[in-house]
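Contents: one structure, followed by commentary.
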Amino acid sequence: MELKWLLCFTLLVLGLITVQAHMDEEDDHDPDADVIDEDDDLEDGFEETESKTEASTPSPPPKVTYKAPVPTGDVYFVEAFDEGTLEGWIVSKAKKDDTDEEIAKYDGKWEVTEMKDSKLPGDKGLVLTSRAKHHAIAAKLKKPFFFENKPLIVQYEVNFQNGIECGGAYVKLLSKTLEQNLDQFHDKTPYSIMFGPDKCGEDYKLHFIFRHKNPKTGEYEEKHAKRPDADLKTYFSDKKTHLYSLVLNPDNSFEILIDQTVVNSGNMLNDMNPPVNPPQEIEDPNDKKPEDWDERPKIPDPEAVKPEDWDEDAPAKIPDESAVKPEGWLDDEPEYVADPDAEKPEDWDEDMDGEWEAPQIANPKCESAPGCGTWQRPMIDNPGYKGKWKPPMIDNPSYQGIWKPRKIQNPDFFEDLEPFKMTPFNALGLELWSMTSDIFFDNFLICSDRAVANDWASDGWGLKKAADGASEPGLVGQMMAAAEERPWLWVVYILTVALPVFLVILFCCSGKKQPNATDYKKTDAPQPDVKEEEEREEEEREDGGQEEEEEDDDKQAEEKKSDAEEDAGSGSQVEEEDDDAEEEEKNPKEGETSNRSPRNRKLRKD
């Protein structure tokens, strides 16, 4: 067993040494040493490179061709930017209120172009190209959307090509008003719904906000959906195109999807903050707590008396009276002394710097002694210390509970059971601030039919996903590519595969040697496969032992007879031989006994 572990440890050490050697070789590699002499080896190098390229070039992945998506049904708004222009879009020229003049303008830049690492040539989108600026752009819908008996589906794609530090990529559905002017679109422009991703610092959000009109006062209030439980960090950092979808139904339910997967859902009546409908009762703002209201659940026992032996002045620590000063303690030696080797600096001015004193160092005489200076007893806990006496706490007989103001009817109460029926909208806008550039938007869609939205997603985002998958090598391809750049990885791969196989063979195929059947002790149970055979052999041995005893008896009788004839006068000798014969009959020979012993059983022959 120790040999097995020694072999495993040796293999691991060899692998680590090989990897380290390759890494050191790459670090110490001289780039000038591989320069090929162009005059001598140009043709040979070209031929070798060409042959290696032909041999190592893998078959190209299936090519995905871009085709502009086309809506398959009735839509309120659709935009794929395939014409390469901002036709139909209006860039805002407004200024932001209550902001420094330098950054108040909406002067951020927009372009229609392809993604930097596009896998679909010809697929263009709207790109926010500037950073640390306010951006605003909007476009009219084909027709206004009225919240009646049809669901609302908003869908578009976003790609944070450079990641995102702080900024948003949400859209606003601008309310249909008489004062609407997209040329002056800004943060205060009324909207019905705001939806989309937003991030600043480590706060990752996916907004769904709608503006609800109070039926009593006519004022609008923003209602925010609850935060999704899903982890949104990947969608902001993986630099991939993601599909964001919002579905609102006439029954007030909503769904928020990313890449056609639901990440948040709920009901606008129950899952918004603040709630759509205010509470029916509120606390009376004029109600005040009475002065004699007792909120104390426990009070000190007024009848408790401090014990007479309670000493509040006793110290918490006292000197240990049992302590003894160690032998050799140097009472007259200080712990620190002036450094005898120190010298006053030449530029020391006693008028300016004062009298010079040598720096203090540890007293060398104290190094070999248990201590120096005045010895003091160590302090220990005082067993008689009790601290300040306080009466025990008891239930307050006058306890009245925590006071709360009384409830009254809410004068502003209303009940709106159809928050879905909000203000109609007739335009879509992007009003953003971002510290990161190159945010890519594409394939905007507003409709009421899920089938139309799914088809649009399949023809747009689905095509991008397929192109990304086709261009990405598989796991084996990635490992091979990494090994070509770092040849020492081949050693890691070989060890990763060979070592487990070797261990499996080592531990599974080299079992312990089974003990021989002849090694079993007399008390061991007989083996199952030879039990019957051993019983048969035992019977034969017993029969053979009886025959051998009879033959021995006959031989002994003959020997006695002959001895009697030769020695007829010696009767006592005959009697002794007769006694010996009887003893031999009673006590069989040792060899005969061993023949019948299970220890000397013959091993069964196959």
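Here is how the numbers come out for the structure above:
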item: Single residue of Ile318, Ile256 found to be aliphatic (A, V, I, L, M), surrounded by 15 or more Cβ atoms within 10 Å (Cβ to Cβ) and modelled with pLDDT of 95 or more; result: Ile256
item: Any hit, the stretch 167-181, residues being over 26 Å from Ala453 (Cβ atoms), in contact with a helix residue (DSSP H, G or I) (Cβ under 6 Å, 6 or more places away or on another chain) and open to solvent by less than 40 Å² (accessible area, probe 1.4 Å); result: no
item: In the stretch 386-416, residue farthest from Ile282 (Cα to Cα) [restricted to those that are open to solvent by 100 Å² or more (accessible area, probe 1.4 Å) and under 46 Å from the mean Cα position of the chain (by Cα)]; result: Ile402
item: Boolean, Glu291 is open to solvent by 40 Å² or more (accessible area, probe 1.4 Å), of a type outside the set (A, V, I, L, M, F, W, C) and modelled with pLDDT of 90 or more; result: yes
item: Count of residues meeting criterion [β-branched (Val, Ile, Thr) and not in a strand (DSSP E or B)] in the stretch 445-457; result: 1
item: Some residue of the stretch 80-87 being within 30 Å of Met268 (Cβ to Cβ), among the hydroxyl-bearing types (Ser, Thr, Tyr) and either touching a helix residue (DSSP H, G or I) at 6+ places or on another chain (Cβ under 7 Å) or open to solvent by 20 Å² or more (accessible area, probe 1.4 Å) (or both); result: no
item: Selection count, the stretch 297-315, where residues are open to solvent by less than 60 Å² (accessible area, probe 1.4 Å) and part of a loop (DSSP other than H, G, I, E, B); result: 4
item: Failed item in (1) at pLDDT below 95; (2) surrounded by 12 or more Cβ atoms within 10 Å (Cβ to Cβ); (3) on the phi < 0 side of the Ramachandran plot, with Leu248 passing the rest; result: (1)
item: Every residue from the stretch 88-109 that is crowded, with 18+ Cβ neighbours inside 10 Å and within 42 Å of the chain's Cα centre (by Cα); result: Tyr106, Gly108
item: Subset of the stretch 217-239 [open to solvent by 100 Å² or more (accessible area, probe 1.4 Å) and under 25 Å from Val276 (Cβ atoms)]; result: Glu219, Arg227, Asp229
item: Residues (more than 38 Å from the chain's Cα centre (by Cα) and modelled with pLDDT of 90 or more) located in the stretch 114-134; result: none
item: Count - residues of the stretch 227-238 that are outside any helix (DSSP H, G or I) and of a type in the set (A, V, I, L, M, F, W, C); result: 2
item: Residue in the stretch 187-212 that is surrounded by the most Cβ atoms within 10 Å (Cβ to Cβ), counting only those that are within 16 Å of His224 (Cα to Cα) and β-branched (Val, Ile, Thr); result: Ile193
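The values are calculated or read from the model by the stated rules, or taken from the named source; none is laboratory data. Keep in mind that this is a model prediction, so the values were computed, not measured. Glycine gets a Cβ as well: all are built from the backbone with ideal geometry, and neighbour counts include every protein chain shown. Remember, those area values only see protein heavy atoms, side chains included, never the ligands or the DNA or RNA. Shrake-Rupley method; radii C 1.70, N 1.55, O 1.52, S 1.80 Å.
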